[in-house]
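First comes the structure, then the notes that go with it.
None of the figures in this text is laboratory data; all of them are computed from the coordinates on show. Predicted model, so just to flag it, every value in this text is computed and none were measured. For neighbour counting, all protein chains shown are included, and Cβ atoms are generated from backbone atoms with ideal geometry for every residue, glycine included.
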Amino acid sequence: MSVNRCQRILVAEDEGLIALQLELMLSDLSFTVVGPASSVEEVVDAVEKDQFDGALLDVNLRGHSIFPVLPRIVEAKKPYIITSGYDASSLFPVEYQQVPRVAKPFDENRLRLLCEQMFA
């Protein structure tokens, strides 16, 4: 599967080393990285300014849930993947239990494949 080199992927992650890992992986896949956004407010700002084509979103940014922002991302028709330290979908609101997600620590091969499927 070829990757669209023009796509901008927002990385929403408040842990510096994890954000760097995600940036390196996305760059290796020829995506342009936007961010990282380390707060929900920065994600909202990126949505409002149409700064990205897809997103990797940590479910918890500085103690605040990303879930209230997801309707805006869906409305803007931006594909997204949720990253979380929690693997059980039952911990997420019902409407988000089936969205693509990757548990931390990442299985990098799974994350790469999911990024190619969602963002290519």
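Share of antiparallel DSSP beta bridges in the chain, in percent to the nearest 5?
Numbers: 2 of 17 bridges.
Taking every DSSP beta bridge within the chain, about 10 percent pair in antiparallel fashion.
Between the alpha-carbon centers of region 56-120 and region 22-37, tell me the distance in whole angstrom.
Cα centroid of region 56-120 versus Cα centroid of region 22-37: 16 Å apart.
Quick one: order Ser27, Ser84 by neighbouring beta-carbon count within 10 Å, fewest to most. Intermediate results must be reported in sequence, preceding the final value.
Numbers: Ser27 12, Ser84 18.
Neighbour counts put them in this order, fewest first: Ser27, Ser84.
Given H placed 1.01 Å from N in the peptide plane, which residues other than close sequence neighbours of Val102 have an amide H under 5 Å from its amide H?
Here the answer is Ile82, Thr83, Ser84, since their amide H atoms fall under 5 Å of that of Val102.
If amide hydrogens are placed 1.01 Å from N in the peptide plane, which non-local residues have theirs closer than 5 Å to the one on Ala37?
Val11, Ala12, Glu13
Taking H placed 1.01 Å from N in the peptide plane, check which residues at least 5 places from Asp53 or on another chain put their amide H under 5 Å from its amide H.
The list, which skips near neighbours in sequence, is Arg8, Ile9, Leu10.
When the Karplus curve 6.51 cos²θ - 1.76 cosθ + 1.60 is applied with θ = phi - 60°, which whole-Hz ³J(HN,Hα) does each residue of region 87-104 get, with x for Gly and Pro?
8, 6, 5, 5, 7, 9, x, 3, 5, 10, 6, 9, 6, x, 8, 10, 7, 8
Sort 90-102, 107-119 by the packing proxy (mean of other Cβ within 10 Å over each peptide's residues), most packed first. The partial results should precede the final answer.
Details: 90-102: 12.8, 107-119: 14.8.
Result, highest mean Cβ count within 10 Å first: 107-119, 90-102.
Using the Cα centre as the reference, give the magnitude of the dipole from point charges on the C-beta atoms of the chain (Lys, Arg: +1; Asp, Glu: -1; all else neutral), rounded to the nearest 20 debye. If you can, show how the numbers build up before the last one.
Working: 11 positive and 18 negative charges, 58 e Å.
Around 280 debye, computed over the chain.
Report which label in (1) 23, 15, 12; (2) 19, 17, 14; (3) 26, 16, 13 holds the value of semi-axes √(5λ) of the Cα gyration tensor in Å derived from the coordinates of this structure.
The listed entry that was calculated here is (2).
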